[in-house]
Amino acid sequence: MVKVLTVLGARPQFIKAATVSRVIRDAASVDVSEVIVHTGQHYDEAMSRIFFEELDIPSPHYNLGISGLSHGAMTGRMLEAVETVVQREKPDWVLVYGDTNSTLAGALAAAKLRVPVAHVEAGLRSFNMRMPEEINRIVADRLSTILFCPTDVAVANLAREGLTAGVQNVGDVMYDAVLYCGAKARNTSRILRDLRLTESGFALATCHRQENTEDPARMVGIVGALATIADELPVVFPVHPRTRKRLSELGLDAGLSRLRMVEPVSYLEMIALEQGARVVITDSGGVQKEAFFFGVPCITLREETEWVETVNSGWNRLSGAAPVQILAAYEVQKEFGRHAGRPNFFGDGRAAERILSALRRNRAE
């Protein structure tokens, strides 16, 4: 029996883990089991529990309840708690996803206890070491026995760093999730009707990354650009809790009156909004990709992205946070060929199956 201990704690990880957990459950009676550890990094009800319900993820075996701290304090407490769980459960693999503090803590705890680490979404690089996520993903890759890459670009990034052993391009688990949930979202979500939105008749915006929320000038620029766009096209803005707090601290609440600000939405509601939008404006790596999957043009509120394939194909434009650049990108993207053909960078929707196969095969060896 192969025992997998999965460490997760943030919304994008719930989505990615759902696809792998589903194939593990299908094989559970044969030769594999999973123990899920939720660090608690995303503590908001709308950003945690509802994702488990919608994505049919089993309830966590452990909920560590660690959130709302500085990077160092959060990672340290997670490391201590995950180490205790690993010692108790004695897994064959510790499986981590993406680039959060939960990812870093899980990889460190396992490596120090000499338990093999498998990293899903390995090889992504922004080449911006000011980003906490970049530090997390580099360390996780260095500590991993198997590096599950989503694209050829990710494989090439690792090769340039001298990492080739254990590297596999399995495809993108988020594409698996979109194929599984996209039709369900279209058929069951009421959010477009509840918000009185029409297909291709609104822009969808999200903003949560520290590089934007912690920089007053960037927040002022982003809010100003969104307000200008809202004069032409309704802008729906599901607001991350950290972003809402920051907007209030900066006194920007009044400037948001032209936007349709809503509380964080569930995964199915979010992908229903993404599918219906004329353009997506975001600093989220996951939302960039989901827009691409659905054939919706995207503007990324950063100077770089890990998902260079979406930029090189024209579906995504990097704008940074300056209003003039955001608005210039909007003028281009709003006329882009919505739902036109797109290259296949992200696999065939069977990444989770390949991940499970590799965990079995390498454990057997």
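Legend: translational diffusion of region 170-222 by Stokes-Einstein, Rh = Kirkwood radius over C-alpha pairs, 25 °C, 0.890 mPa s; D = 171 µm²/s. With Cα atoms defining each centre, region 301-365 and region 126-142 are spaced 18 Å apart in the structure. A Förster radius of 35 Å, combined with the Cβ-Cβ distance separating Glu53 from Val324, puts the computed FRET efficiency at roughly 0.25. Taken about its Cα centre, region 206-289 carries a charge dipole of roughly 80 debye when the Cβ of each Lys and Arg holds +1 and the Cβ of each Asp and Glu holds -1.
Around the amide H of Ile299, modelled in the peptide plane, lie the amide H atoms of Val280, Ile281, Thr282, Arg317, all under 5 Å away and 5 or more residues distant in sequence or on another chain. Loop-located trypsin sites (Lys or Arg not before Pro) in region 69-119 (DSSP state not H, G, I, E or B) with no more than 11 neighbouring Cβ atoms inside 10 Å: Arg114.
If one computes the Cα centroid of region 153-211 and of region 3-36, what distance in Å separates the two points? Between the Cα centre of region 153-211 and that of region 3-36, the gap is 18 Å. Karplus-based coupling profile of region 236-243, in residue order and whole Hz: 8, 10, x, 9, 4, x, 5, 5, with θ = phi - 60° in 6.51 cos²θ - 1.76 cosθ + 1.60 and x standing for Gly or Pro.
Loop only by DSSP, 11 or fewer other Cβ within 10 Å of the Cβ. Give me the GluC sites (Glu not before Pro) in region 226-271 that pass, ordered by residue number. Taking region 226-271 and a limit of 11 other Cβ atoms within 10 Å, the loop GluC sites (Glu not before Pro) found are Glu232.
Build a GNM of the chain with springs between Cα atoms under 10 Å apart, and of Thr145, Thr100, Thr188 the one that fluctuates most is Thr188. Taking the charge dipole of the chain about its Cα centre, with +1 at Lys and Arg Cβ atoms and -1 at Asp and Glu Cβ atoms, the residue from His240, Leu5, Gly106 reaching farthest to the positive side is Leu5. Less than 5 angstrom separates the built amide H of Cys149 from those of Ala122, Gln168, Asn169, Val170, all sequence-distant by 5 or more or on a different chain. Using bins of 5 Å that start at zero, the share of Cα-Cα pairs per bin across region 79-175 amounts to 3, 15, 26, 24, 18, 10, 4, 1, in whole %.
The fewest-to-most ranking of Asp56, Asp283, Asp231 by surrounding Cβ atoms within 10 Å reads Asp231, Asp56, Asp283.
Residue-wise HN-Hα couplings along region 308-320, as the Karplus relation 6.51 cos²θ - 1.76 cosθ + 1.60 with θ = phi - 60° gives them from phi, are 5, 4, 5, 6, 4, 8, x, 6, 9, 10, 7, 10, x Hz; Gly and Pro carry x. The mean sequence separation of alpha-carbon pairs under 8 Å and at least six residues apart, normalised by the residue count of the chain, gives a relative contact order of 16 percent. Projecting the Cα atoms of Trp315, Val220, Gly182 onto the dipole axis of the chain, where Lys and Arg carry +1 and Asp and Glu carry -1 at the beta carbon, places Gly182 farthest toward the positive end.
Each of Ile326, Gly295, His71 was scored by the projection of its Cα onto the charge dipole of the chain, and the greatest displacement toward the positive side belongs to His71; charges sit on the C-beta of Lys, Arg, Asp and Glu. Computed with the Debye formula from one identical point scatterer per Cα of region 180-333, without solvent, the log10 of I(q)/I(0) at q = 0.13, 0.14, 0.19 Å⁻¹ comes to -0.53, -0.62, -1.19. Fewest-first ordering of Cys149, Cys298, Cys181 by other beta carbons within 10 Å of each residue's beta carbon gives Cys181, Cys149, Cys298. For Val235, the residues whose amide H sits under 5 Å from its own are Ala203, Arg260, ignoring neighbours fewer than 5 places away on the same chain, with H placed 1.01 Å from N. Rounded to the nearest 10 degrees, the inclination of helix 132-143 to the longest alpha-carbon principal axis of the chain is 20 degrees.
By the count of other C-beta atoms within 10 Å, a proxy for reagent exposure, Tyr330, Tyr97, Tyr180 are ordered fewest to most as Tyr180, Tyr330, Tyr97. Take every pair of alpha-carbon atoms less than 8 Å apart whose residues are at least six positions apart; their mean separation over the length of region 27-146 yields a relative contact order of 20 percent. For region 180-333, the relative contact order is 26 percent, taking Cα pairs closer than 8 Å that sit 6 or more residues apart in sequence and dividing their mean separation by the residue count. 3J(HN,Hα) along region 30-35, derived from phi through the Karplus expression 6.51 cos²θ - 1.76 cosθ + 1.60 where θ = phi - 60°, amounts to 9, 7, 8, 9, 10, 10 Hz, with x in place of Gly and Pro.
Measuring against 29 Å, Cα to Cα, the residue pairs Lys16/Lys184; Lys90/Lys289; Lys245/Lys289; Lys184/Lys289; Lys16/Lys90 contain Lys90/Lys289 as the ones spanning a longer distance.
Each reported figure results from applying straightforward, stated rules to the coordinates on display, with no laboratory input. None of these values were measured; they are calculated from a predicted model. Note: ideal-geometry Cβ built from the backbone for every residue, glycine included; neighbour counts use all protein chains shown.
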